[in-house]
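Peer 1: Take this structure first; my questions come after.
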Amino acid sequence: MSGSGSQAGMLGSASGAAVPAPQVGPQLAQGPWLRRPLAFASRNFSVQVRAVPYVWASGLIEPFLYLLSIGIGIGHLVGRLPGPSGTLVPYATFVAPGLLATAAMNGAIYECTINIFAKLHWQKLYDAVVATPLSPADVAIAEVGFATFRCMLYAAVFLGAMAGFGDTRSWWALLCVPSATLTGAAFASAGFAASCYMRSWTDFDKIQLVAMPLFLFSATFYPLSELPRWAQLVVEALPLYQGVALCRQFALGYPSASALGHVAYLAVLSSAAGALSQRRVTKLLTP
Amino acid sequence: MTALPAALRPLSYFWTVYRRTWMADLSTTFFTPLLYLASLGAGLGQLIGHGRPLPSLGGQTYLAFVAPALLAATAMQVALAQGTYEVWGARNFWSGAYRSMQASPISVGHIVSGHMLWVAVRVEIATALFLGVSSAFGTVRSPEALAALVVGPLVGLAFAAPIAAYSVTARHDQPFNLVFRLLMLPLFLFSGTFFPLSQLPSGLRWLAYLLPLWHGVELSRALYAGHFPVLAGLGHFAYLVGVAGAGLIVARSSYQRALAR
């Protein structure tokens, strides 16, 4: 990595000497710090959204498919379940907030794992980026921020779908969007940090090995009370469970003090993984 | 190696690569079914009829109802991943393996049949692992289930061959997202996998009848339960053979055009 890093540094100084620097460089170097990650995020927007908008749009269909299959299919088989307050709710209403949190996790992992690895090692995109006024830390902030933004957008659409299917119970449900966004931020920073440690694409199946059990066992599909006590304690320690529990209490309209604990858990995970991402990517990109 | 017929040469290439990367593959082909069945058995399966057999599920528990369907769905998933990213990678990106094969006495026809044969082998590995895992969960009630080892690769080819015909011509891998979201996901959810098709409105039900996954689900469900209706079974089988065969013919001509460039 050090070889390609120094090459990027050389290219940077060579272009600075040969041609007049484009106006955007000094502006970025001097402006408020947030402008640098934003500049990189706008690159992501051009490449991933503007170039292939149908891929982005197709992602919005997923919640409708899931909610429909559970609403008309599995929900009929299950019947009603006790929600956080103990009142019985239809199965689809119980599951929908869990799927919302899961969608945020999956979106973050989709955006912030193999993509990061490809840009880091195959495309050498970050080597080019650090030859501009952007620092490696800016790259980490931009990528995690972009993925989080995507999660927020999808969460808003998901919540709209839930409301359309009659799966929301109160105005508290609006808080599902920030809850899912925070869940997304935690998994995006964790995904970025993990990707920086991966050595080859075959390592990425390990991410699936983490995401799949989280998806299946974070009280997404059935109440925690179905499990034995020891398993409940394990589930309560899982990161996705925090998002599921947050979204569920808001969607069903029974916010409780436990929300603060879930938020704190996700905020600590985001910050810790974010700090690790910045350190690791700086090490990888510094010659 | 020199004694291998030309159509098997590509197979030996893919096998060599697989021998080095099979560990990564285990998570999708072994742990995913294991976790799905464990989760269904402990959670959702208990919610539906308290884990007891239900008449609406053909007198089976929910776990026994879903397990054979997941076998067919796993075959579809593995085959679609192979028929999209792997074909595209062999044509364009990762290895450019097709180009190397073309520079040898291997013909384009051999490349198609060799790669599709490899897809069948991959799906077979996944199917066999699934069969083993699901029988450990007690969902297999008849030795006829062993015949699902034929159903898996057949379902796989019915998906991999037609999609490979497209993938070999694709310039970018972005459209594959659409294959997974707009084709695989709806089929996964609405092919009688997680609930009986009779719960669907009739329009959607007929659509499900037309698509290959439902036929694979019905076949493997009948085999797991040991009540194999001969006529309907042969019908499902013939349908899958027809789709796979037509897919191979289309893939062959598509490969001829794409690899001539």
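The values are calculated or read from the model by the stated rules, or taken from the named source; none is laboratory data. In this text, all values refer to a predicted model and were calculated from it rather than measured experimentally. FYI the Cβ positions are ideal-geometry reconstructions off the backbone, even for glycines, and counts take in every protein chain you see.
Peer 1: Cβ-Cβ under 9 Å, sequence separation 6+ or interchain: first residue in the range B:221-238 and closer than 27 Å to residue B:132 by Cβ, partner among the charged types (D, E, K, R) and not in a helix (DSSP H, G or I). Which pairs?
Peer 2: Pairs found: B:224/B:141; B:225/B:141; B:226/B:141.
Peer 1: Return a yes/no flag: does the range A:229-241 have any residue that is of a type in the set (D, E, K, R), under 23 Å from residue A:144 (Cβ atoms) and at pLDDT 90 or above.
Peer 2: Taking every residue of the range A:229-241 in turn, none turns out to be of a type in the set (D, E, K, R), under 23 Å from residue A:144 (Cβ atoms) and at pLDDT 90 or above.
Peer 1: Does residue A:214 count as modelled with pLDDT of 90 or more, within 19 Å of the chain's Cα centre (by Cα), surrounded by fewer than 18 Cβ atoms within 10 Å (Cβ to Cβ) and closer than 18 Å to residue A:97 by Cα?
Peer 2: no
Peer 1: Additional query: Please determine, by comparing only the residues of the range B:196-213 that are assigned to a helix (DSSP H, G or I) and more than 14 Å from chain A (Cβ to nearest Cβ), which one is farthest from the chain's Cα centre (by Cα).
Peer 2: Among residues in the range B:196-213 that are assigned to a helix (DSSP H, G or I) and more than 14 Å from chain A (Cβ to nearest Cβ), the one farthest from the chain's Cα centre (by Cα) is B:206.
Peer 1: Out of curiosity, is residue A:81 within 14 Å of chain B (Cβ to nearest Cβ), within 30 Å of residue A:167 (Cα to Cα) and outside any helix (DSSP H, G or I)?
Peer 2: So residue A:81 fits the description; yes.
Peer 1: Further question: If a residue has to be surrounded by fewer than 18 Cβ atoms within 10 Å (Cβ to Cβ) and either outside any helix (DSSP H, G or I) or touching a helix residue (DSSP H, G or I) at 6+ places or on another chain (Cβ under 6 Å) (or both) to count, how many in the range A:153-164 make the cut?
Peer 2: 1
Peer 1: Sticking with this structure for a sec: Quick check, is residue A:183 outside any helix (DSSP H, G or I), buried (at least 18 other Cβ atoms within 10 Å of the Cβ) and of a type outside the set (A, V, I, L, M)?
Peer 2: So residue A:183 fails the test.
Peer 1: Return a yes/no flag: does the range B:232-255 have any residue that is modelled with pLDDT under 90 and among the aliphatic types (A, V, I, L, M).
Peer 2: no
Peer 1: Could you tell me whether the range A:195-208 includes any residue that is surrounded by 24 or more Cβ atoms within 10 Å (Cβ to Cβ), assigned to a helix (DSSP H, G or I) and out of contact with any Leu (no Cβ under 6 Å at 6 or more places or on another chain)?
Peer 2: Looking for residues that are surrounded by 24 or more Cβ atoms within 10 Å (Cβ to Cβ), assigned to a helix (DSSP H, G or I) and out of contact with any Leu (no Cβ under 6 Å at 6 or more places or on another chain), one finds at least one in the range A:195-208, hence yes.
Peer 1: Looking only at residues in the range B:33-54 that are over 22 Å from residue A:214 (Cβ atoms) and within 12 Å of chain A (Cβ to nearest Cβ), which one is surrounded by the most Cβ atoms within 10 Å (Cβ to Cβ)?
Peer 2: B:48
Peer 1: Checking the condition surrounded by 15 or more Cβ atoms within 10 Å (Cβ to Cβ) and under 24 Å from residue B:252 (Cβ atoms), which residue from B:131, B:211, B:185, B:223 passes?
Peer 2: Just one listed residue meets the conditions, B:211.
Peer 1: Quick one: count up the residues across the range A:193-211 that are within 11 Å of chain B (Cβ to nearest Cβ) and among the small types (Gly, Ala, Ser).
Peer 2: 2
Peer 1: Specify the residue that is surrounded by the fewest Cβ atoms within 10 Å (Cβ to Cβ); the eligible residues are those in the range B:55-69 that are within 11 Å of chain A (Cβ to nearest Cβ) and touching a helix residue (DSSP H, G or I) at 6+ places or on another chain (Cβ under 7 Å).
Peer 2: Selected residue: B:57.
Peer 1: For the range B:154-182: of the residues being in a loop (DSSP other than H, G, I, E, B) and polar (S, T, N, Q), which is surrounded by the most Cβ atoms within 10 Å (Cβ to Cβ)?
Peer 2: B:169
Results for (1) touching a residue at least 12 places away in the same chain (Cβ under 8 Å); (2) under 17 Å from the mean Cα position of the chain (by Cα); (3) loosely packed, with under 14 Cβ neighbours inside 10 Å, shown as yes or no for each residue.
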| site | (1), (2), (3) |
| --- | --- |
| A:220 | yes, no, no |
| A:224 | yes, no, no |
| A:229 | no, no, yes |
| A:248 | yes, no, no |
| A:255 | yes, no, no |
| A:266 | yes, yes, no |
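Peer 1: Would you mind finding the one in B:27, B:107 that is within 11 Å of chain A (Cβ to nearest Cβ) and small (Gly, Ala, Ser)?
Peer 2: After ruling out the rest, the residue left standing is B:27.
Peer 1: Which ranges mark the helices (runs of 4 or more DSSP H) fully within the range A:90-136 that have 3 or more residues being in contact with a Cys (Cβ under 9 Å, 6 or more places away or on another chain)?
Peer 2: Ranges flagged: A:91-112.
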